[in-house]
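Visitor: I am attaching a structure below and will ask some questions about it afterwards.
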Amino acid sequence: MNISGIDYTGLFDWLKKEDLKSWSDVLSKSLPLNLNVSRWGDLPFWQSSLDELPTIKGTKYNVDSTVSINCNKNITTSEIEKIESCLMNLHPWRKGPFSLFNIQIDSEWRSNLKWNRLSKHISSLKDKTVLDVGCGNGYYLHHMFKSGAKRVLGIDPSVKFVYQFYAIKKYIEGNIPIDIIPLKDDDLPNNTDIFETVFSMGVLSHRKSPIKHLKNLKKMIKPGGQLVLETLVINDVGSKALEPNGRYAKMRNVWKIPTPNLLNEWLHDSGFINLKTIDISPTTINEQRTTDWMKFESLADFLDPNDHTKTIEGYPAPTRIIITANSNRHL
């Protein structure tokens with residue numbers, strides 16, 4: 001199935017093989033609606049940027065700190081310039097870094113730092129089916145696949161990020177089993193616990209109902225499977241949450257930021273067990289910053305210029321926690 005220039009054939013073939021008709025039915029209806037110019041006025045421009053990328057054969061795909069694609073043959077200057085122009089048309093690049101034929105996509109987030117913090121502490125992904133909720137342009141999907149996952153699916157409602165992902169995937173030879181669909185967790189079928197590992201990173205604080213989001217995640221996880229959750233917290237004791245009045249770090253859609261204790265309570269109430277805190281770290285301007293590939297404001301603009309422990313509104317500056325948990329078999 002090809003929708004607005006994106007080839008979902010491999011994904012639908014997998015759904016059919018796994019007899020996941022409820023997923024096929026939902027996606028067959030929702031993807032054409034979400035990948036539609038009536039919803040996204042810039043979609044023809046993003047699609048043309050994807051379509052105009054020159055075809056390069058004999059590529060080599062590597063995943064390290066940088067997700068990179070190279071080629072043994074000589075690529076012409078005009079091809080390089082065209083690739084860079086098409087990729088820049090998809091600005092801003094939030095997650096990365098990526099490198100295509102020595103074009104360095106220096107993204108806003110140095111996402112490799114987060115992956116380094118969590119990758120050694122999660123259950124093995126070998127031969128597992130993995131879901132990444134709020135995956136952005138799919139940087140982490142490449143790491144999940146290279147860690148041995150047999151099928152990786154990302155969901156993110158921002159269609160431009162979906163096109164960024166398929167611009168990268170265009171140059172990976174073979175139909176590797178990773179895809180992104182432009183949906184939210186609320187849009188997915190109910191009671192289809194088909195994933196052994198589910199990631200939710202940077203999403204929870206943007207949900208009006210954090211418990212609903214956590215319960216949605218649990219529906220997707222096989223009994224006993226693992227959740228990897230990363231989110232904003234207020235690094236304080238007790239069970240309480242910051243509910244910003246207006247914006248938080250210039251973001252309009254931050255609803256509740258819990259303390260670690262309250263977050264643990266939310267997870268228990270949502271049916272998760274074996275909670276383990278991997279990391280609690282403040283976000284630094286070394287990890288999140290403005291670059292040539294993300295020219296808008298970034299963390300340095302969101303903090304009090306005289307006190308980086310506070311946001312520009314006077315709230316505690318962003319601190320993020322990573323927690324692993326298992327889906328309770330009995331709930």
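Visitor: Quick one: would you say LEU183 is surrounded by 20 or more Cβ atoms within 10 Å (Cβ to Cβ) and closer than 25 Å to SER22 by Cα?
Guide: no
Visitor: Search segment 116-128 for residues that are under 10 Å from ALA149 (Cβ atoms) and pair each with any residue that is surrounded by 15 or more Cβ atoms within 10 Å (Cβ to Cβ) and at pLDDT below 95 when their beta-carbon atoms are under 9 Å apart and the residues are at least 6 apart or on different chains.
Guide: Every condition considered, no pair remains.
Visitor: Let me ask you something else. Could you please find all residues in segment 219-264 being more than 26 Å from PRO189 (Cα to Cα), out of contact with any strand residue (DSSP E or B) (no Cβ under 7 Å at 6 or more places or on another chain) and part of a helix (DSSP H, G or I)?
Guide: ASN261
Visitor: Here is a list: PRO44, PRO32. Which entry is part of a helix (DSSP H, G or I), surrounded by 12 or more Cβ atoms within 10 Å (Cβ to Cβ) and free of Cβ contacts under 8 Å to residues at least 24 places away in the same chain?
Guide: From the options PRO44, PRO32, the qualifying one is PRO44.
Visitor: Which one of these is among the basic types (Lys, Arg) and under 21 Å from PRO177 (Cα atoms): LYS60, LYS29, LYS73?
Guide: Unique residue meeting the criteria: LYS60.
Visitor: Please determine, by comparing only the residues of segment 102-123 that are in a loop (DSSP other than H, G, I, E, B) and among the basic types (Lys, Arg), which one is least open to solvent (accessible area, probe 1.4 Å).
Guide: Here the residue is ARG110.
Visitor: For segment 11-26, indicate whether the set of residues that are polar (S, T, N, Q), without any contact (Cβ under 8 Å) to a residue 12 or more places away in the chain and surrounded by 12 or more Cβ atoms within 10 Å (Cβ to Cβ) is non-empty.
Guide: no
Visitor: For segment 26-65, which residues satisfy the criterion of being within 30 Å of GLU287 (Cα to Cα), of a type in the set (Val, Ile, Thr) and touching a helix residue (DSSP H, G or I) at 6+ places or on another chain (Cβ under 7 Å)?
Guide: Within segment 26-65, just VAL63 meets the criteria.
Visitor: Let me ask another. Considering (1) over 19 Å from the mean Cα position of the chain (by Cα); (2) at pLDDT 95 or above, say which one ARG252 fails and leave the rest.
Guide: (2)
Visitor: Here's a follow-up. Kindly check whether there is at least one residue in segment 125-139 that is surrounded by fewer than 19 Cβ atoms within 10 Å (Cβ to Cβ) and either of a type in the set (Asp, Glu) or modelled with pLDDT of 95 or more (or both).
Guide: Among the residues of segment 125-139, at least one is surrounded by fewer than 19 Cβ atoms within 10 Å (Cβ to Cβ) and either of a type in the set (Asp, Glu) or modelled with pLDDT of 95 or more (or both), which makes the answer yes.
Visitor: Within segment 126-138, is there a residue that is within 26 Å of HIS213 (Cβ to Cβ) and more than 17 Å from the chain's Cα centre (by Cα)?
Guide: Checked segment 126-138: at least one residue is within 26 Å of HIS213 (Cβ to Cβ) and more than 17 Å from the chain's Cα centre (by Cα).
Visitor: Output the number of the condition that SER239 fails; it satisfies all remaining conditions of (1) touching a helix residue (DSSP H, G or I) at 6+ places or on another chain (Cβ under 7 Å); (2) surrounded by 21 or more Cβ atoms within 10 Å (Cβ to Cβ); (3) under 15 Å from LEU267 (Cβ atoms).
Guide: SER239 satisfies all of (1) touching a helix residue (DSSP H, G or I) at 6+ places or on another chain (Cβ under 7 Å); (2) surrounded by 21 or more Cβ atoms within 10 Å (Cβ to Cβ); (3) under 15 Å from LEU267 (Cβ atoms) except (2).
Visitor: Another one. Please determine whether any residue of segment 70-83 is in a helix (DSSP H, G or I) and among the acidic types (Asp, Glu).
Guide: Yes, that holds for at least one residue.
Visitor: Which residues, taken from segment 265-294, are exposed (fewer than 14 other Cβ atoms within 10 Å of the Cβ) and assigned to a loop (DSSP other than H, G, I, E, B)?
Guide: ASN286, ASP292 - these are the residues of segment 265-294 that are exposed (fewer than 14 other Cβ atoms within 10 Å of the Cβ) and assigned to a loop (DSSP other than H, G, I, E, B).
Visitor: Please state which one of GLY154, GLY136 is in a strand (DSSP E or B), under 25 Å from PRO32 (Cα atoms) and among the small types (Gly, Ala, Ser).
Guide: Only one candidate passes the filter, namely GLY154.
Visitor: Next up: Are any residues in segment 67-101 crowded, with 20+ Cβ neighbours inside 10 Å and of a type in the set (Val, Ile, Thr), and if so, which ones?
Guide: Correct list: VAL67, ILE69, ILE83.
Visitor: Can you find a residue that is touching a Lys or Arg at 6+ places or on another chain (Cβ under 7 Å), surrounded by fewer than 22 Cβ atoms within 10 Å (Cβ to Cβ) and of a type in the set (Gly, Ala, Ser) anywhere in segment 192-214?
Guide: For segment 192-214, residues touching a Lys or Arg at 6+ places or on another chain (Cβ under 7 Å), surrounded by fewer than 22 Cβ atoms within 10 Å (Cβ to Cβ) and of a type in the set (Gly, Ala, Ser): absent.
The values are calculated or read from the model by the stated rules, or taken from the named source; none is laboratory data. Computed from a prediction, not measured in an experiment: that's the story for all the values here. As a convention, Cβ positions derive from the backbone with ideal geometry for all residues, glycine included, and neighbour counts pool all protein chains shown. Heavy atoms of the whole protein, side chains included, go into the accessibility calculation; ligands, DNA and RNA do not. Shrake-Rupley method; radii C 1.70, N 1.55, O 1.52, S 1.80 Å.
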